[in-house]
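Worksheet for the structure shown next.
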Amino acid sequence: MPKPRGLKTKTAAIAFLVLLNFLTITEPARAGATGRAVAGDGDDKTAADSTKDGSKSAATAASGAPGANAALVNELQQLKDTVQAQAQRLIEHTQELESERTALREELDRIAKLETALHVTPDISKANPAPAFATATPAAAEPPDAHLIRPPDAQAPEKRQVSITQVEHPLSFKIGAADFTPGGFADVTGVFRSTNTGTGLGTNFNSIPFNNTVPQSQLTEFRVTSQASRLSLKVDANISDSTSVTGYIESDFNGYQPPNAEQSTNSDTFRLRLFYADVTHHKWEFVGGQTWSLLTPNRYGLSAAPIDVFSTLRLDTNYVAGLVFARQAGFRVIYHATDSWTLGASLENPQQFVPSSVVFPGGTAGIFPGQFDNGSGSTSATSSSSNALTPNLHPDFIVKTAFDWKIRERALHLEAAGLVRSFKVYENLSTPSSTNTITGGGVSLNANLEVFNGFHLIGDSFYGDGVGRYIGGLGPDVIVKPDGTLSGVHAGSGVAGFEWQLKPSFMVDGYYSGAYFQRNFGLLASTATPAPTCDGVSGFTCVGFGFPGSANTNNRAYQEETIGFIPTLWSNPNYGKLQLINNYSYVERSPWSVPSGAPKNAHVVLVYVGLRYFIP
């Protein structure tokens, strides 16, 4: 690579060109004056020549002046041509240097991401070596913090050194010793559904209408929204050689909807997605704030960073039916035992969850509905008044371990996790009244394998009791039995799929997912006339979930098949990228009980198309 030329070189070249242009204009006059001087007074050299050769006369000298002037003009033109050619080469070399710098920045970005993923503390002195053309400083005169990256001197721009190795995000800026990096994307998404589910950007899987449900089943649904647009800010600071801190905040516009949101103003509300601080000290990592739950599958390690979390590549804000996920406040401790083995544990915000489709002893007028989050999707609805009042015994406790290996240069990620959570209610069905507490939980096993370059196979699984909230709230955590005691609902889910980066500008992905909720109900004695029946037993009513004759929102199973295509229309490391994201899905839900002659399941076709500009 050609040696880079500094600002002084460019300034000198430009000044020289200006001088040459000036000489071109003034040279004829100067040449005429020179001729007159030769014909008249002459100079020392001319006098000496005349002494040596008496045949030369003033007339001969005068007649020779034009030839001398022409030679000078030709020499001047040659010099100008040479300088212009050098200036052109300088421009070409500068462009080549900029190209090399861009390529090097991209490579260093990749190295930085790998170091972050491997939790390796970068060596600043190696990452930012002094340029070969920088002025050398004697070792004795070097200040103690000379290895640190310093901002350029704003008062002396000509003294700034060009660094081709310093990695800088195009939008990053410094405040003190901290690097601030904004991020996010501007998004506009069109949504088509073959039936009217009555939801926005996120599909409500547990309320897909049946074919005999009118008018919803006879109507299609189309929406265009920019609610998915996202803004983020990351702050990084190195406290010492062994300690660093990262702060991260991320928000979108899927918050509370004002009454006229869909009518005229479309004033989608800014809401919090993630907001946490991550402190790393040697092999330990401490995370506090609102993050993706530790139970959510990771793509790499146990990192809380969104890029390391697997939430599929869907535009649907409810992702896929069967994905285990939550974003909630908590505190996480991670230990990096080796380069490939990580262990972690977290305490996270609990919320005991039972949707309104579950039947409690005493019905909706009893004391039990107000003791659970009922799954209302709107914080302003009357039915959601109990959500913020839900009693919780203690934080959910999650443990997780992950292994990340390289097998023939292909990445393999394996992880296993366990969840423990408790539920407590006050019941007045027995004498004396009392409280009842149970403990539930679940386990998960997940894998992400790179089969060949750019092609990943993904498999996630989860099973437990009292875990419905973590499966997208598609089913209840628990039920209340006829005697007022609690009983957990057994449930399981899984996601299998692939993600294939065919080339840098095109990705294709596909997933199959599902969830299952086991029925759990009891018989409550009744004195009503005529006598009711439950599961064929007269004189009893059913309470719980999934009993014969239960509402068709008591869903036994969900299944979803989906495929996506993501072409990158334009990309530049300094200006961001533009993607056209296409998702196509078929979703089916099957309840435990349907009336005789009614459809056995409900289904919907989903089409999402989004144009998304990513901030660099």
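The values are calculated or read from the model by the stated rules, or taken from the named source; none is laboratory data. None of these values were measured; they are calculated from a predicted model. Cβ sites come from the backbone with ideal geometry, for glycine too, and all protein chains shown count toward neighbours. The area values use the complete protein model at the heavy-atom level, side chains included, leaving out ligands, DNA and RNA. Shrake-Rupley method; radii C 1.70, N 1.55, O 1.52, S 1.80 Å.
So the values come out like this:
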read-out: Residue match in the stretch 272-290 (condition: under 24 Å from Leu201 (Cα atoms), among the hydroxyl-bearing types (Ser, Thr, Tyr) and either surrounded by fewer than 15 Cβ atoms within 10 Å (Cβ to Cβ) or in contact (Cβ under 8 Å) with a residue 60 or more places away in the chain (or both)); value: no
read-out: Unique residue being at pLDDT below 95 and under 24 Å from the mean Cα position of the chain (by Cα) when the list is Asn446, Asn453; value: Asn453
read-out: Positions within the stretch 346-378 being more than 23 Å from the chain's Cα centre (by Cα) and small (Gly, Ala, Ser), in sequence order; value: Ser356, Ser357, Gly362, Gly363, Ala365, Gly366, Gly370, Gly375, Ser376, Gly377, Ser378
read-out: Residue within the stretch 264-275 that is at pLDDT below 95 and in a helix (DSSP H, G or I) present; value: yes
read-out: Residue within the stretch 604-615 that is touching a residue at least 40 places away in the same chain (Cβ under 8 Å) and more than 25 Å from Gly202 (Cβ to Cβ) present; value: no
read-out: Candidate set from the stretch 586-602 (those that are surrounded by fewer than 18 Cβ atoms within 10 Å (Cβ to Cβ) and outside any loop (DSSP other than H, G, I, E, B)); member that is nearest to the chain's Cα centre (by Cα); value: Tyr586
read-out: Within the stretch 428-484, strands (runs of 3 or more DSSP E) holding 1 or more residues that are acidic (Asp, Glu) and buried (at least 20 other Cβ atoms within 10 Å of the Cβ); value: 455-465
read-out: Single match in Phe173, Phe180 (criterion: under 24 Å from Ala329 (Cα atoms) and aromatic (Phe, Trp, Tyr)); value: Phe180
read-out: Test: residue in the stretch 320-334 that is in contact with an Asp or Glu (Cβ under 6 Å, 6 or more places away or on another chain), open to solvent by 10 Å² or more (accessible area, probe 1.4 Å) and farther than 19 Å from Leu272 by Cβ; value: no
read-out: Hits in the stretch 326-382 - residues which are modelled with pLDDT of 90 or more, more than 30 Å from Lys406 (Cβ to Cβ) and β-branched (Val, Ile, Thr); value: Val354, Val358, Val359, Ile367
